[in-house]
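K.L.:
One structure, pasted below without further comment.
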Amino acid sequence: MAHVTDRAAAEESSGAGRSVAAVDHPFVTLASIVLVGGVLAGGARISAVALLVGVAAVQALVTLSWTIGTAVPGRNGTVLVGAMAAAGADVAVWVWPGGQLGTLLPVFGLAVPVMFVVQLMRAAARVRVVESLAGVTFLIFVVVSPAAYLQLRHEFTAAHIGGTVVSGVVLATAGALLVGLLVDLVMPAPRFDPAADRGLLAVVASAGLGGSIGHLALGSNAGFLAGRGAFVGAACGALAGLLAVAIAFVRVSAPEPESAAGRGLRSVLPAVVPLSLVAPVGFLLCLAVRA
């Protein structure tokens, strides 16, 4: 009996057997995908400054949702490092656009010593250091990635073409996330893991809708004819679907936030993390396939 009890307690503490739908709010995720995707796509269409504002807003939302939603140890330091990395990435891309994504490398390099300094500043509260460093490292990658949207817009000589390309990548990614979540709400099969309500069928649907949106949004541009726009959209959609699966594992294994605000912020993660991490991949794909 003691063995069974200990096993059940271990499974409960590790998150095994918990359903994502039971602890999170899918409608918050749906609304977040629409809102974040609309802000980025609309900002890209309006102007470079509007896109910069949208990217900064997404970076702030990522920092809060990741730090509070996953209960990263050393919350204040994590927010500080995330804000510094986001600001550094935006400034680097805005001031030195000629360097493409290479201008972001110093941001990652400088973030390493800052992470350790923040750990030293935790003093007596310096517990779960490895977990804290892992959470901060992932956050840095996520908050720096949206700056690639700014660089992608700059790569096209005509501003309206650059804005169209960025909005096409964002819309393909957001549409893929939406259809993937809806499919998983109806039939999450075949599941990647029994504890997470995410299935392969949703990833396939994400790739399909992403390709359709990419064809419609990018196919009319001269550089994305002959199926190039559909390819970019499908690749971004498939990646977004896989990232949604990864975030589902994080949400299942991470400690459940005590406050309703924390649970709501955790439900934002499946929207902001994929839309952020797809940005550098979309940048590379667009430059690689354009005629």
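K.L.:
Given H placed 1.01 Å from N in the peptide plane, which residues other than close sequence neighbours of A189 have an amide H under 5 Å from its amide H?
P.N.:
Amide H to amide H, under 5 Å and 5 or more residues apart or across chains, A189 pairs with G199, L200, L201, A202.
K.L.:
If you average the sequence gap of Cα pairs under 8 Å that are 6 or more apart and divide by the length of the chain, what percent do you get for the contact order? Intermediate results must be reported in sequence, preceding the final value.
P.N.:
Numbers: 489 pairs, mean separation 78.9, N = 291.
The normalised contact order for the chain reaches 27 percent.
K.L.:
Skip the ligands, DNA and RNA, and give the accessible area per residue of the chain with a 1.4 Å probe, whole Å².
P.N.:
That works out to 44 Å² for each residue.
K.L.:
About its Cα centre, what dipole magnitude does the chain give when the only charges are +1 on Lys and Arg Cβ and -1 on Asp and Glu Cβ, stated in debye to the nearest 20?
P.N.:
Numbers: 15 positive and 12 negative charges, 72 e Å.
With only Lys, Arg, Asp and Glu charged at Cβ, the dipole is about 340 debye.
K.L.:
Among L265, A41, L152, pick out the residue whose Cα is farthest towards the positive end of the charge dipole of the chain, where Lys and Arg carry +1 and Asp and Glu carry -1 on C-beta, about the Cα centre.
P.N.:
In the chain, that residue is L152.
K.L.:
A further question on this structure: Using helices alone, I'd like the mean residue ellipticity at 222 nm for the chain: each DSSP H run of four-plus residues gives -39500 (n - 2.57), total over residue count, nearest 500. Before the final figure, lay out each step's value.
P.N.:
Numbers: 13 runs with 223 residues, N = 291.
Estimated from H runs of four or more residues: -25500 deg cm²/dmol.
K.L.:
Now, a different point. Quick one: grab the alpha carbon gyration tensor of region 28-103, order the square roots of its eigenvalues as a ≥ b ≥ c, and give me rounded if a/c is under 1.5, else prolate or oblate depending on whether a/b is larger than b/c. Could the numbers behind the result be given before it?
P.N.:
Working: a/c = 2.99, a/b = 1.20, b/c = 2.49.
Oblate is the answer for region 28-103, as a/c is 1.5 or above yet b/c matches or exceeds a/b.
K.L.:
Classify region 141-278 as rounded, prolate or oblate from the Cα gyration tensor: take a ≥ b ≥ c as the square roots of its eigenvalues, call it rounded if a/c is under 1.5, otherwise prolate when a/b beats b/c and oblate if not. If you can, show how the numbers build up before the last one.
P.N.:
Numbers: a/c = 3.01, a/b = 1.59, b/c = 1.89.
It comes out oblate by the Cα gyration axes.
K.L.:
Find the centroid of the Cα atoms in region 33-70 and in region 81-127, then give the distance between the two in whole Å.
P.N.:
First find each Cα centre; the distance between them is then 19 Å.
K.L.:
Still on this structure, I have one more. Enter the angle in degrees (range 0 to 90, nearest 10) between the Cα long axis of helix 2-14 and the first principal axis of the Cα atoms of the chain, meaning the one along which they spread out most.
P.N.:
Helix 2-14 and the main axis of the chain meet at about 30 degrees.
K.L.:
Measure nothing but the geometry: give the 0 to 90° angle between the long axis through the Cα atoms of 75-95 and the longest principal axis through the Cα atoms of the chain, rounded to 10°.
P.N.:
Approximately 10 degrees, to the nearest ten.
K.L.:
With everything on Cα atoms, drop me the angle between helix 26-46 and the longest principal axis of the chain, reported from 0 to 90° to the nearest 10.
P.N.:
Compared with the principal axis, the helix lies near 30 degrees.
K.L.:
If the label point is 7 Å along Cα→Cβ of S259, which residues in region 127-153 have backbone nitrogen under 13 Å from it?
P.N.:
Residues passing the 13 Å test: none.
K.L.:
Another question about this same structure. Net charge near L177, counting Lys/Arg +1 and Asp/Glu -1 over other residues with Cβ under 13 Å of its Cβ? All intermediate terms of the calculation are to be shown ahead of the outcome.
P.N.:
Working: positive: R198; negative: D184.
Overall, the nearby charge balance is 0.
K.L.:
When a/c reaches 1.5 or more, the comparison of a/b and b/c decides; with that in mind, is the chain rounded, prolate or oblate per its Cα gyration tensor? Mind showing how you got there, number by number?
P.N.:
On the way: a/c = 2.38, a/b = 1.30, b/c = 1.83.
It comes out oblate by the Cα gyration axes.
K.L.:
Considering only protein heavy atoms and a 1.4 Å probe, what is the carbon-and-sulfur percentage of the accessible area of the chain? The partial results should precede the final answer.
P.N.:
Details: 9310 of 12690 Å².
Result for the chain: 73 percent of the exposed heavy-atom area is carbon or sulfur.
K.L.:
Per residue of region 250-260, in order, report the coupling 6.51 cos²θ - 1.76 cosθ + 1.60 (Karplus, θ = phi - 60°) as ³J(HN,Hα) in whole Hz, putting x for Gly and Pro.
P.N.:
Per residue, the Karplus-derived 3J(HN,Hα) values read 5, 5, 6, 8, 6, x, 6, x, 6, 8, 5 Hz.
K.L.:
Considering every pair of different Cα atoms, what Kirkwood radius, in Å, is found for region 149-218?
P.N.:
Numbers: mean 1/r = 0.0764 Å⁻¹.
Answer for region 149-218: a Kirkwood hydrodynamic radius of 13.1 Å.
K.L.:
Also: What is the Cα radius of gyration of region 81-205 over 2.2 N^0.38 Å, N being its residue count?
P.N.:
Numbers: Rg = 19.1 Å, N = 125, 2.2 N^0.38 = 13.8 Å.
Ratio of Cα Rg to 2.2 N^0.38 Å: 1.39.
The values are calculated or read from the model by the stated rules, or taken from the named source; none is laboratory data. If you're wondering where the values come from, they're calculated on a predicted model, not measured in any experiment. Heads up, the Cβs are rebuilt from the backbone with ideal geometry, glycines too, and the neighbour counts pull from every protein chain shown. Heavy atoms of the whole protein, side chains included, go into the accessibility calculation; ligands, DNA and RNA do not. Shrake-Rupley method; radii C 1.70, N 1.55, O 1.52, S 1.80 Å.
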